[in-house]
Structures are given as C-alpha cells and as structure tokens.
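The values are calculated or read from the model by the stated rules, or taken from the named source; none is laboratory data. Please read these numbers as outputs of a predicted model, since none were measured by experiment. Backbone-built Cβ (ideal geometry, glycine too); neighbour counts: all protein chains shown. Accessible surface is based on the protein model in full, side chains and every heavy atom, while ligands, DNA and RNA are left aside. Shrake-Rupley method; radii C 1.70, N 1.55, O 1.52, S 1.80 Å.
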Amino acid sequence: MSQSPREEGGLPQTAPNINLDNPTQTVAKGNTPEDQVSPGVDEASPSSTFSFEMLDMESVPAPYQEVQPHWFFCRRADDKTSWLPFSREDSDKLENACNTVKDEEDEVVIAVEGERYDVHVKERKRFAVYWEQGPTAVRRCTWFYKGDKDTIFMPYPEDLSKSLEEAYMIAVTLNEWKRKLVFPSGETVILHNPKLIMQYQPMGLQDDWVSSPSEQTRPQTVKRGVDNISIEIPDGEPEKIDHLVFMVHGIGPACDLRFRSIIQCVNDFRSASLSLLASHYKHAQKDGQIGRVEFLPVNWHNALHGDATGVDEDIQRITLPSISRLRHFTNDTLLDLFFYNSPTYCQTIVDTVASEINKLHTLFKQRHSEFKGAVSVVGHSLGSLILFDLLTNQRTGSEAREGVPSGEPFHLNCDTLQQTLTRLGLEQYLDTLQAENLDLESLALCQDSDLKDIGIPLGPRKKILNYVRRKWLSEDCKRRAARLSPGLQVPAQVTNDHSSGLTTQQSQFHRAQSVTSAVDYEYFDVGIGQVCIEYPQLAFQPQTFFAFGSPIGMFLTVRGLKHIDPNYTFPTCKSFYNIYHPYDPVAYRLEPMIVTEVDLEPMLIPHHKGRKRMHLELKDSLTRMGKDLRNNVWGSLRTAWQSFARPPVAALTSVDEGDTTIKRDYQERHRVCEETESSVSAGQTEQPEIKVGMLNGGRRIDYVLQEKPIESFNEYLFAIQSHLCYWESEDTALLLLKEIYDKQGVAFEQPQQ
C-alpha cells in the first residue's frame with residue numbers, strides 16, 4: 001500500500017546525512033536554516049524569537065542510555081492520519097518478538113488488543129480478525145516531532161529514528177553538541193543540547209513573503225522516547241474473558257451522529273465497559289474473580305447493499321436526480337426497513353445476521369479455546385427486531401433437525417430433479433447435479449456457495465435455489481398451519497370457507513401464506529408476523545437478549561398482535577431486556593402487551609454514579625411536596641367542614657353528655673388524621689413488584705434511561721441523538737454488566753463519590 005511520506009509521519013524514509021565533523025564547522029552561507037537564525041540560537045537565548053523551553057545548561061549530562069521503544073499503529077479518519085500507541089503489554093510483546101525474529105525466518109504474528117487484531121511483525125502491518133478492515137501500518141517508535149500548530153507528537157520512520165539515535169549517542173558520548181542531520185527532503189535536525197533538539201524546514205518550502213527570517217525558520221520540537229511526550233498510553237485488557245456479546249446494528253451503515261461504523265461504536269462500548277469494570281467491580285477484578293466481557297460487532301448492511309444482491313444498482317436506476325444527497329441517504333438507510341418486510345431481502349438479512357454470528361462465534365472459540373462462558377446478543381433499532389424474529393424461531397432438542405420439525409417427513413413434491421430442471425429450462429445442468437448425487441431434498445439444503453463450487457453459473461443457481469425455496473416454504477407453511485396452537489385466533493374473514501369455496505386444508509394454507517408467517521408465536525393470541533421466511537439456527541443458546549431503542553412492540557402491533565401470553569418465552573433464550581431512552585422516537589414498550597390490566601411505569605436505570613440525576617431528583621421532590629401539600633389541605637378542609645356540620649351543643653349539659661360529645665369529637669378528628677396519614681404514606685410507598693411474564697424470567701422487561709439535564713429542555717431537539725446514544729451510554733453498559741455478573745454471583749460495588 002503506497003503512501004506519501006507525509007501520510008506515514010511527514011518525513012521520507014531514506015536515511016539522512018549526518019554531519020559528525022567539528023560542531024563549530026560552518027557551511028556555505030544561505031544553504032541551511034541555521035544561517036538564517038539569529039546569532040544566539042545555539043545558546044537558546046531568551047531574546048530569541050523561538051519559544052524554547054527553559055534549559056539547565058550547566059548540568060552535567062547523564063551517561064548514554066539506550067532509548068526504550070514503544071509500538072504505535074496508524075489510524076486514518078476523515079483524511080487525517082494519526083498514530084496511536086499500543087498498550088504497554090502489547091508493545092512489550094511486539095518488542096520481544098521483534099528482537100527474537102530473524103530475517104530468514106517466517107512471519108511472526110502477535111495477537112494484540114484483546115486478540116481482536118493480529119500484527120505481522122516483519123511486515124509491520126496490523127490486521128483485523130473479526131471484521132473486514134484494511135491493514136494498517138505499525139511502527140516501532142523512538143523519536144517524535146511536533147510543530148507549533150500540531151496538537152500531538154508524530155513518530156519518525158524507523159530508519160530516521162535509528163539515525164537520530166546514532167547521532168544522539170555520539171553527541172552524548174563525546175559531549176559535543178550542535179550537530180546537524182540533513183534529511184533527503186532538505187529538512188534539518190540540529191542537536192543543540194540533550195534537552196533542545198529542533199527540526200528546521202528547508203528554505204525551498206518556506207513562503208517568500210514572510211516578514212522576518214525568524215518566522216521563515218520556525219522549527220519543530222523533537223523529543224526522544226515516549227516518556228518525554230504528552231501522550232496517553234492505554235491500559236491493557238485482562239486476558240480472561242467471562243462473557244461474549246454480539247452486537248447487531250440497525251438501519252444504514254452509520255450508527256451515530258458522527259457517522260461512525262458499527263465497529264467504531266462497539267469499540268467505544270467495549271471501552272466504557274472496561275472502565276466500569278475497573279470502578280464498579282474493583283475488588284472482584286483485583287482478586288481474579290472476573291476478567292472482562294468481549295463485545296463483537298455484527299455487520300449485515302454490507303451484505304444487503306453489496307454487489308451480490310444488486311439492489312443498490314436497481315434502486316439507483318429509479319431514483320430521481322433531484323435532492324440527490326437526501327435521496328442517497330434514504331436509499332442507504334431508511335430503505336432497510338422496507339427491505340426487511342420484503343420476502344426476498346428479509347431472507348438475505350436474517351441469513352446474513354445468523355451466518356455472521358455463527359462465523360464470529362466459531363472464530364472466537366478457535367482463538368479462545370479455554371472460554372467456558374455464556375453468550376448474549378444485543379440489537380439496536382432494526383437489529384433488535386431481526387434478533388427477536390430469529391430467537392422466536394429457534395428450535396431446541398428434537399426440533400433442531402435442519403429446518404424440518406421432528407417426526408414430520410420432508411417431501412418437496414412428487415417432481416423429479418429432471419422434471420424440475422426442465423420446467424426451469426436448465427436441463428443442461430442435470431448431469432452436473434447428478435454427478436454430486438443431488439436430488440430435490442438435498443438441493444433444499446444447499447447454499448449458493450455450494451452450487452457455485454460445482455460450477456453452476458450465477459443465473460441458473462439463483463433460479464434453482466429460488467424455486468426450491470418457494471416449494472419448501474409452501475410445504476413448511478402447510479405444516480405450520482396444521483400445527484397452529486388452539487390459542488391462535490384466526491379472523492373470521494380468513495377462515496370462512498363457505499364464502500371462499502375453499503376446503504379446510506386450502507383455507508389453512510391460504511391463511512398461512514397470506515397472514516401467518518414462519519414466526520411461530522405459540523402463546524400469542526393471533527398468528528401474525530413476517531412473510532414466510534426460513535429462519536436459520538444459531539450455533540449456541542443465548543443467555544440474554546438486550547434490545548436498544550427497539551421498535552419490536554410497534555412491529556408486533558402492526559403485524560396484528562394485540563397480546564403476548566405471560567407464559568411465552570424464547571425457545572433458547574430466557575432473559576430479555578428492552579432498554580430505551582425516554583425521547584427515542586423509534587423505541588416502543590413491550591410490558592403493556594403482556595400486562596394489560598395494570599399501568600406499569602418502566603424501570604428507571606440507575607445512573608452509573610449511584611443516584612438519580614439532580615434534575616430528576618428535584619422533579620421528584622417537587623412532585624412529592626405537591627402531593628403532601630394537597631393531602632394536608634384536603635385534611636384541614638375536611639376537619640373544618642365536619643366542625644361546621646356538627647349540630648350545636650347546649651350551653652349547659654350533663655357530665656355524661658359532655659364526655660360523650662368530647663369523645664365523639666376526638667374520634668372524628670382522629671379518624672380524619674388517620675385518613676390523611678394513610679393517603680400520604682400510600683403515595684410514598686413503592687408499588688410491590690409485579691411479574692410481567694416469562695420473557696425475562698418473571699422480572700421487569702422495560703428499562704428507561706435517565707435523560708441528561710440539557711435534554712430535558714427540549715425533547716424534540718434531542719430526539720435523533722436519543723436514538724443513537726446507547727453506544728456511549730455508561731448507564732446502559734453498566735446494566736449489561738450487572739445482568740451478566742449477577743448470574744455469575746459476582747457482587748456489584750458502588751464506588752465512593
């Protein structure tokens with residue numbers, strides 16, 4: 001991968017010329033930047049126009065010590081190049097490998113960053129393991145430079161760093177400074193003293209109209225060793241992995257307002273979880289009880305919009321030329337919702353998500369053979385709906401037989417392979433298929449790649465697979481219609497066989513095709529859902545399903561579902577959390593579809609610092625004060641009214657009558673006080689915990705985040721941001737960690753503020 005010197009650090013990678021002559025030797029006037037500097041530049045005079053550091057010139061220089069290298073990797077974003085350091089643990093591993101490898105040996109590969117990347121040490125390249133990403137450069141860094149307008153130090157190429165180190169060693173050993181290195185590009189580095197090393201630009205690169213020579217030769221600061229520059233070196237990650245989480249994105253290629261990919265957003269979520277583990281599970285980490293949670297992104301957008309489907313090209317042909325940017329955004333993001341409701345592209349999406357999760361799971365197990373933890377899944381926006389449909393259609397035990405229910409023989413139909421190919425006009429491929437001993441039943445189990453491997457072109461294999469799939473789905477829908485639970489209530493207009501003239505079997509088949517989907521809602525009060533889709537099976541049983549900003553409730557309602565039976569659970573997943581921001585325009589609740597007789601408030605997710613946000617506490621306090629004031633006023637009015645309504649007492653009464661009157665008045669006042677106190681206490685007492693079905697094992701399902709103070713001023717202004725906030729939400733990450741480690745019996749620690 002060819003790159004300009006500036007992209008890789010701003011300097012050419014050709015070794016410079018080192019002037020090791022007498023340091024007081026002069027060169028031809030006007031050839032170097034040194035001639036343009038004021039006479040006191042070598043002594044770092046205070047009157048110099050350069051902003052040099054205060055130097056201790058009289059101190060005795062320390063003996064030469066070899067510089068300690070640190071390894072960096074290159075990152076490019078928004079046409080900007082930056083170099084980021086590896087953790088000290090990863091840098092030490094790379095340095096040890098670099099010192100032990102020999103030129104004639106094969107490539108040495110070192111796993112870094114939690115084994116999500118591999119570094120080819122000799123090639124100096126860093127490769128992603130779990131997702132598609134181009135290789136990035138890796139550098140062993142010892143010397144750095146920074147200009148006046150730069151914010152961070154950039155590392156020199158390794159050959160220039162080696163030359164600088166050699167010149168520095170000679171200067172320290174001989175105690176002779178003001179040495180000069182000239183790079184092939186004309187840039188010059190002058191070693192004034194151990195603490196002052198500057199880089200000057202060549203005269204040809206400077207502006208002719210600059211007012212003064214000092215501005216023409218404004219140098220760049222040069223530093224030796226990573227310990228002498230201001231840069232944050234990340235902490236290493238624990239090697240032990242307790243739990244694995246797959247995260248599925250929603251519509252479009254971008255996942256936040258900065259238009260970052262799912263990979264970058266998951267990286268932020270992983271970093272937040274590591275920080276929370278260090279603060280909220282400090283003692284458990286210190287004692288070795290826990291390690292960390294690994295989060296891996298699942299990308300399905302590229303498969304849908306790639307060349308394999310050709311959908312982008314088809315959509316582009318019918319797209320109007322006006323407002324092109326808005327139409328491109330619509331085609332790239334919002335159309336994903338419509339694609340998921342299409343029988344063709346919905347199948348592509350669910351196949352991609354399931355195959356990508358299974359592939360990542362297999363790869364993770366290969367690289368972490370010692371892993372014995374559980375696996376969970378997270379879906380954001382449309383991704384949560386995809387996972388919901390997948391988990392609803394998972395099979396367990398005897399049902400997990402390659403898409404065919406147990407005990408039910410699979411027969412595509414009575415057609416032979418030859419008849420099918422003749423009907424499709426593809427009889428020329430009969431010999432090819434028969435050579436592989438393929439019949440119609442085995443064709444139903446084939447993927448596109450299988451037919452491609454035996455030499456069938458793209459067009460014919462698409463025809464074959466589409467025909468077989470449609471036939472299989474027809475048979476599958478018939479079986480599903482026959483197995484509909486008695487609790488599934490089919491609308492009368494669909495089941496009225498007399499008006500339609502259909503037989504009972506034909507009516508069930510029509511119902512299955514037109515209304516009922518392959519989503520088998522066993523405990524739901526109506527059979528609804530997607531079009532007939534062959535849902536693939538996951539290679540594991542998820543422990544928990546987390547939905548971020550999920551439209552699941554809305555989609556189920558649109559499909560015709562009104563009520564979810566409290567006894568319903570996912571076949572293979574026993575925990576489910578619906579997490580949302582209160583201003584998220586895409587999120588919907590699920591508990592009202594399960595518990596219809598009680599109006600439940602969602603569970604408030606605690607702030608990661610251990611309390612409610614201040615504006616919410618103030619709001620609750622004002623609400624309580626209003627209730628207390630209302631109850632007290634009502635009690636006082638009630639007492640006064642009863643006093644006025646009581647009949648007048650005679651001026652002179654007997655002792656017994658007076659005692660009776662006093663007792664009655666006391667009892668009435670006491671009763672009013674008790675009613676007032678009971679009403680106040682009832683408002684302050686929390687409602688008892690109510691079971692909301694078995695989707696989350698009897699626990700609450702809907703969990704709402706606390707909005708930030710600035711968001712509460714205008715909820716419309718922050719609506720879009722609220723839908724994309726989950727990737728950087730520490731409160732969300734902490735809820736996931738608590739759910740994961742509670743099941744492992746690890747205590748949660750609230751840090752002291």
Considering only protein heavy atoms, with the full assembly of protein chains and a 1.4 angstrom probe, order Cys98, Cys346 by accessible area, largest first. Cys98, Cys346
For Phe153, tell me the accessible area in Å² from a 1.4 Å probe, rounded to the nearest 10. 20 Å²
Efficiency by 1/(1 + (r/R0)^6): what FRET value for Thr362 and Thr639, r their Cβ-Cβ distance, R0 = 56 Å, to the nearest 0.05? 0.15
Listed residues Glu597, Glu591, Glu132, Glu89 arranged by accessible area, highest first, probe 1.4 Å: Glu132, Glu597, Glu89, Glu591
May I ask you to compute the full-extension gain from Asn632 to Ser275, defined as 0.36 nm times their residue separation minus their alpha-carbon distance, rounded to one decimal in nm? 123.8 nm
Calculate what fraction, in whole %, of the accessible area of segment 693-752 sits on carbon and sulfur atoms when a 1.4 Å probe is rolled over the protein chains. 57 percent
What is the extension gain from Gln68 to Leu424, computed as 0.36 nm multiplied by their sequence separation minus the C-alpha to C-alpha distance, in nm to one decimal? 121.2 nm
Can you give the FRET efficiency to the nearest 0.05 for Lys240 and Lys80, using r as the Cβ-Cβ distance and R₀ = 35 Å? 0.45
Whole number in Å², please: accessible area per residue of segment 77-161, 1.4 Å probe, ligands, DNA and RNA not counted. 50 Å²
If you roll a 1.4 angstrom probe over the protein chains with everything in place, what fraction of the accessible area of segment 99-156 belongs to carbon and sulfur, to the nearest %? 46 percent
So the FRET efficiency between Asp312 and Thr173, C-beta based with R0 = 41 Å and rounded to 0.05, is 0.05
Using a 1.4 Å probe on the protein chains only, how many percent of the accessible area of segment 230-384 belongs to carbon and sulfur? 55 percent
Put Ser185, Ser381 in order of accessible area, largest first, probe 1.4 Å, and you get Ser185, Ser381
Relative contact order [Cα under 8 Å, 6+ residues apart], segment 282-366, whole percent: 34 percent
Loop trypsin sites (Lys or Arg not before Pro), segment 340-387, which have at most 11 other Cβ atoms in a 10 Å radius of their Cβ (DSSP): Lys372
Over segment 240-387, with the other protein chains present, what is the accessible area per residue in square angstrom, probe 1.4 angstrom? 43 Å²
For Arg395 the rounded accessible area (nearest 10 Å², probe 1.4 Å, non-protein molecules ignored) is 50 Å²
Given a 1.4 Å probe and the protein chains all in place, what does the accessible area of His305 round to, in Å² to the nearest 10? 20 Å²
